[in-house]
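Asker: To start, I am sharing the structure in question, which I have written as structure tokens.
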Amino acid sequence: MAEEKKKGSFWKDFKAFITRGNVIDMAVGVVIGGSFGKIVTGLVNYIITPFIGYFMRSGDLDSLKTVITPEVVDAEGVVTTPEVAILWGTWLQTILDFLITAICLFVVLRIIMKAKTALEEAKSEEQEAKEAAEKKAAEKAAAEKAALEAETAARLAEKQAALEEATLNQEKLLVEIRDLLKNR
């Protein structure tokens, strides 16, 4: 039963892994990168190398090599010992492949990074504008609250003054009534 849970867990985890967007994007990138590598290799092998070879005496960059031990051929023309050589031309082709691929990747990544930076700056500016608007709204609400409290305090002060005046008037009236009753 533990093995079934492990298998179920394994396949569940694998499914979660494989269905993530970044894994699929990475797989697409690998496929496109492989195809792009073939395009660059074709560019170097079929266009750049023959162009460079045109200016060389041998006419071919592949023939640029240093033979360490020549091949040995028997009387029938069969190679018994293959040639051992340093293939400088092939190595230069590989370097050209790498440089072209690196330049292309650099350009693509630079464009992506600039776009990402611009997007982050736009989001940052949007966030700052949102925060400024929220701060302004909070300040306005605080000002309105303070104004309302001041207005309420003023009304209370007016009511208190009116109440005190009424109390004073009642006291005067009571004094006058008392004086009238004494004089009678």
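A short reminder: the numbers here are calculations on the coordinates, not readings from a lab. Nothing here was measured: the structure is a model prediction, and the numbers come from that model. A quick note on method: Cβ atoms are made from the backbone with ideal geometry, for glycine too, and the neighbour counts reach across all protein chains shown.
Asker: How big is the shadow of the Cα convex hull of region 6-140, averaged over all directions, in nm²?
Answerer: 19.0 nm²
Asker: Between Phe36 and Glu128, what length in nm is gained on full extension when 0.36 nm per residue of separation is reduced by their alpha carbon distance?
Answerer: 29.0 nm
Asker: Exposure proxy check: Glu76, Glu139 ranked by fewest other beta carbons within 10 Å?
Answerer: Listing Glu76, Glu139 from fewest to most nearby Cβ atoms yields Glu76, Glu139.
Asker: Which whole-Hz couplings ³J(HN,Hα) result when phi for each residue of region 107-120 is put into the Karplus expression 6.51 cos²θ - 1.76 cosθ + 1.60, θ = phi - 60°, listed in order with x for Gly and Pro?
Answerer: 4, 5, 5, 5, 4, 4, 5, 5, 5, 5, 5, 4, 5, 5
Asker: What size of dipole, in debye to the nearest 20, comes out for region 13-110 about its Cα centre when the only charges are +1 on Lys and Arg C-beta atoms and -1 on Asp and Glu C-beta atoms?
Answerer: With Lys and Arg at +1 and Asp and Glu at -1, about 640 debye.
Asker: Sticking with this structure for a sec: Can you pull a Stokes-Einstein diffusion coefficient for region 87-172 at 10 °C (1.306 mPa s), Rh from Kirkwood over Cα pairs, as a whole number of µm²/s?
Answerer: This corresponds to a translational diffusion coefficient of 79 µm²/s.
Asker: What full-extension length gain, to one decimal in nm, is calculated for Ile111 and Ala162 as 0.36 nm per residue of separation minus the Cα-Cα distance?
Answerer: In short, 10.8 nm is gained.
Asker: Another question about this same structure. Per DSSP H run of at least 4 residues, take -39500 (n - 2.57); add these up for the chain, divide by its residues and hand me the 222 nm value, nearest 500 deg cm²/dmol.
Answerer: The per-residue figure over the chain is -28500 deg cm²/dmol.
Asker: A further question on this structure: By how many nm would the segment from Met26 to Val79 grow when fully extended, if each residue of separation counts as 0.36 nm and the alpha-carbon distance is taken off?
Answerer: 14.5 nm
Asker: Okay, next question. Return the whole-Å distance between the Cα centroid of region 98-123 and the Cα centroid of region 165-181.
Answerer: Here the answer is 92 Å between Cα centres.
Asker: Looking at the chain as a GNM with Cα springs under 10 Å, which of Leu96, Leu43, Leu173 has the largest mean-square fluctuation?
Answerer: Among Leu96, Leu43, Leu173, the largest GNM mean-square fluctuation belongs to Leu173.
Asker: May I pose another question? Please arrange Arg20, Arg57 by how many other C-beta atoms lie within 10 Å of their C-beta, fewest to most.
Answerer: Arg57, Arg20
Asker: With the dipole of the chain worked out from charges on the C-beta (+1 for Lys and Arg, -1 for Asp and Glu) around the Cα centre, which of Ser9, Val31, Thr81 lies farthest toward the positive end?
Answerer: Ser9
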